[in-house]
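> Here you go, one structure.
The values are calculated or read from the model by the stated rules, or taken from the named source; none is laboratory data. Predicted model, so just to flag it, every value in this text is computed and none were measured. Using ideal geometry, Cβ is built from the backbone for each residue, glycine included, and neighbour counts are taken over all protein chains shown.
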Amino acid sequence: MANDSQYKIASRIVATRGVREYRATIEALVTAQDTVLEIGCEWGTTTKLLTERAGQVLGTDISAVCIERGLAEHPNLDLRVLDAFDLNAVLRLDLRITKVYMDLSGLSGYRGLLDLIALINNYSTLLQPDTIVVKSGALKHFAQLCQPWPEQR
Ligand SMILES: C[S@@+](CC[C@H](N)C(=O)[O-])C[C@H]1O[C@@H](n2cnc3c(N)ncnc32)[C@H](O)[C@@H]1O
């Protein structure tokens, strides 16, 4: 028997393939009312584009080397070291996040798909953003194959 409570996440999931699609969503989806968390920001190239549209943006990456380079290139960006899987640290950010941008190396192919879906589920549950934009060709391909069966009453 299906457990209905596991389907309560409400975030819209936008799956993109490649960095061009990932960045193209910014103009379409992000507004000045948004507080955006990017996970896997590398040295902040997309974070900078997000900052041009959103009210507040925080870029995070597991690599201290990337964050150091990002801060050297863009001293005005808020870039911090954070492991995307460290959910306690994510909660400690204590921000009312409206949009999450997710671009993690190793999770964009089919082999990482289950981990990626689990992570999306965690972020949606914990932060309750209206939208999670994910750079994953595998997730986009999988989503295109899915068709929700119409509910029968
Ligand atoms: C393709 S790059 C991101 C590019 C960036 N989003 C952009 O648009 O310019 C992927 C990044 O994911 C980061 N990453 C990998 N595993 C991570 C994790 N567990 N937590 C946070 N960042 C992670 C890597 O350090 C790398 O910088």
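> May I ask you to verify whether V36 is at negative phi, among the aliphatic types (A, V, I, L, M) and buried (at least 21 other Cβ atoms within 10 Å of the Cβ)? Show your work before the answer.
Working: at negative phi: yes; among the aliphatic types (A, V, I, L, M): yes; buried (at least 21 other Cβ atoms within 10 Å of the Cβ): yes.
Against the criterion (at negative phi, among the aliphatic types (A, V, I, L, M) and buried (at least 21 other Cβ atoms within 10 Å of the Cβ)), V36 qualifies.
> Pick out the one residue from T125, T98 that is touching a residue at least 40 places away in the same chain (Cβ under 8 Å), surrounded by 12 or more Cβ atoms within 10 Å (Cβ to Cβ) and over 12 Å from the mean Cα position of the chain (by Cα).
The unique qualifying residue is T125.
> Tell me which residues, restricted to the range 128-152, are within 15 Å of the ligand (Cβ to nearest atom) and among the hydrophobic types (A, V, I, L, M, F, W, C). Give the derivation first.
Narrowing the range 128-152 to residues within 15 Å of the ligand (Cβ to nearest atom): 132-139.
Residues satisfying the conditions are I132, V133, V134, A138, L139.
> Which one is nearest to the ligand (Cβ to nearest atom) among residues in the range 61-90 that are surrounded by fewer than 22 Cβ atoms within 10 Å (Cβ to Cβ) and in a strand (DSSP E or B)?
So, considering only residues that are surrounded by fewer than 22 Cβ atoms within 10 Å (Cβ to Cβ) and in a strand (DSSP E or B), the one nearest to the ligand (Cβ to nearest atom) is V81.
> With the checklist (1) farther than 28 Å from Q144 by Cα; (2) among the small types (G, A, S); (3) assigned to a helix (DSSP H, G or I) in hand, flag the one item A32 doesn't pass.
Exception for A32: condition (3).
> For the condition at pLDDT 95 or above and under 21 Å from S11 (Cβ atoms), what is the one hit in L87, L79? Can you show your working first?
On the way: L79 fails: under 21 Å from S11 (Cβ atoms).
From the options L87, L79, the qualifying one is L87.
> Of the residues G59, G106, which single one is touching a helix residue (DSSP H, G or I) at 6+ places or on another chain (Cβ under 7 Å), free of Cβ contacts under 8 Å to residues at least 24 places away in the same chain and on the phi > 0 side of the Ramachandran plot? I'd like the intermediate steps shown before the answer.
Values: G59 fails: on the phi > 0 side of the Ramachandran plot.
Of the residues listed, the single one that is touching a helix residue (DSSP H, G or I) at 6+ places or on another chain (Cβ under 7 Å), free of Cβ contacts under 8 Å to residues at least 24 places away in the same chain and on the phi > 0 side of the Ramachandran plot is G106.
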